[in-house]
Amino acid sequence: MADKYEIRVPALQVRQGDRHIYCFAIDGKQVLSFTAVSRVKRSSTGGLDGYQRPEVLTHIRAIRRYLESPEAMLPNAVVLAFDSRVRFEPYRRRNVVDYSTTGEIVIPVDETLDEASKPALLVDGQQRVAAIRDADVAEFPVAAVAFIAQDEEEQRSQFILVNNSKPLPKGLIHELLPDTTGYLPPKYARRQLPALIMTRLNLDEDSPFKGAIATPTSPEGYIKDNSVLRMIENSLYDGALYQYRDPEDGSGDIEQMVLHLKIFWSLVESTWPIEWKLIPRKSRLTHGVGIQSLGYVMDALTDGYAADRLPKLKLDKKLDQLHAISAWTEGVWYLDSDDQRKWNSLQNTPNDIKLLTNLLLRTVGTSV
């Protein structure tokens, strides 16, 4: 077969508002010849590249075994994002309905292209396509739904929407949100700004969280991304970061928010330098209960003060007061007169977070 050729398959063009989608069938073994699987990663400058979840080998092997059985059937369509090199050629025949047009999808294939230069991206169906690729079958046609994407931001948005009803790893969603444009479900739209701030904290060289937050592109991180997100989200909607946020459209002064967090959490790091470097199993400071409780302390001590005023608040002195009652890595938490807990018995639950927050705030002389 030549290095360059076209794949032509019958297709249905369906109009949805001002956009079109294309429905067709294609041999699953051909899909990767023109489709890139863009897995989420960070570029050398810290930018987000790709958006797919990593292949899950055990799942792929299970699908492959099924495909090699006599009754195999994959009714769910794979979803592709084409660029402008792919075209639709309508048939010269009368359409029964005006929103649906029959014709052919024409896909250029150039086997000399690298992965990043292929004319399509696989938005959904990565593991099914990988299983078909590896299966001991001559061919396996699959249903496909495709759209023409304007840019990679739109591809990310569609990826989130397509996977909204599936058990998509939360960490992957959190990585994608800051670089996603277009409509998002409300639960994701609410987390877009916190996710952007968290990404900055995890990437900026002067951040105490640099590389410490566990994400798909920062697998060596030891602090749970969801713990940091909740801390930021609480502060954005009802704490110290609210002052930088526009409640009308949800936007905010990102630089001031990030600076505010860096100043406070750098003091946390300098107050407990050893405890800050330990994994949550060995330190309740980096555990969800510690991150969120100290987030509430930050809100109580700095609410209403802009970032440039924080150095004047003597926050280091306030945090030093917590040494006497802290049991981040050993000892006992004296939460109340009749409630004493071993250092590692506190859990990331609303009740334990509230109890620890109350203790910390009482100690620094601030009420809840």
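The values are calculated or read from the model by the stated rules, or taken from the named source; none is laboratory data. What you see is a predicted model; the values in this text were computed from it and never measured. Heads up, the Cβs are rebuilt from the backbone with ideal geometry, glycines too, and the neighbour counts pull from every protein chain shown.
Return the residue satisfying two criteria in turn: it lies in the range 69-108 and is of a type outside the set (Ser, Thr, Tyr) and touching a Gly at 6+ places or on another chain (Cβ under 6 Å), and of such residues it is farthest from ILE132 (Cα to Cα). Walk me through it before giving the result.
Residues of the range 69-108 of a type outside the set (Ser, Thr, Tyr): 70-83, 85-90, 92-98, 103-108.
Imposing the further condition that a residue be touching a Gly at 6+ places or on another chain (Cβ under 6 Å) reduces the set to 78, 88-90.
Numbers: VAL78: 12, PHE88: 26, GLU89: 28, PRO90: 29 Å.
For the range 69-108, the residue satisfying everything is PRO90.
Report those helices (runs of 4 or more DSSP H) wholly inside the range 246-331 carrying at least 3 residues which are among the β-branched types (Val, Ile, Thr).
Working: elements: 254-271, 273-276, 288-302, 315-320.
So the answer is 254-271, 288-302.
Could you please let me know if LEU267 is more than 15 Å from THR357 (Cβ to Cβ) and not β-branched (Val, Ile, Thr)?
Numbers: more than 15 Å from THR357 (Cβ to Cβ): yes; not β-branched (Val, Ile, Thr): yes.
Against the criterion (more than 15 Å from THR357 (Cβ to Cβ) and not β-branched (Val, Ile, Thr)), LEU267 qualifies.
Every residue, every condition in (1) of a type in the set (Asp, Glu); (2) modelled with pLDDT of 95 or more; (3) in the same structural domain as SER227 (by TED's automatic domain parsing), yes or no:
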site	(1), (2), (3)
THR286	no, yes, yes
SER293	no, yes, yes
VAL297	no, yes, yes
THR302	no, yes, yes
TYR305	no, yes, yes
PRO311	no, no, yes
HIS323	no, no, yes
ALA327	no, yes, yes
ASP339	yes, no, yes
### Task
Return the residue satisfying two criteria in turn: it lies in the range 236-256 and is more than 20 Å from the chain's Cα centre (by Cα) and either outside the structural domain of GLY304 (by TED's automatic domain parsing) or under 14 Å from THR302 (Cβ atoms) (or both), and of such residues it is surrounded by the fewest Cβ atoms within 10 Å (Cβ to Cβ).
ASP238
### Query
Looking only at the range 72-101, which residues are surrounded by 15 or more Cβ atoms within 10 Å (Cβ to Cβ) and either assigned to a strand (DSSP E or B) or modelled with pLDDT under 85 (or both)?
VAL78, VAL79, LEU80, ALA81, PHE82, PHE88, THR101
### Query
Somewhere in the range 343-350, is a residue within 24 Å of LYS210 (Cβ to Cβ) and among the polar types (S, T, N, Q)?
yes
### Among the candidates ASN348, ASN344, residue that is in a loop (DSSP other than H, G, I, E, B) and in the same structural domain as ASN226 (by TED's automatic domain parsing)
ASN348
### Task
Search the range 130-151 for residues that are part of a strand (DSSP E or B) and pair each with any residue that is among the β-branched types (Val, Ile, Thr) when their beta-carbon atoms are under 6 Å apart and the residues are at least 6 apart or on different chains.
VAL142/VAL78; ALA144/ILE26; ALA144/VAL78; VAL145/ILE21; VAL145/VAL79; PHE147/ILE21
### Message
I'd like to check something: does the range 276-287 contain any residue that is more than 27 Å from ASP253 (Cβ to Cβ) and over 28 Å from the mean Cα position of the chain (by Cα)?
### Response
no
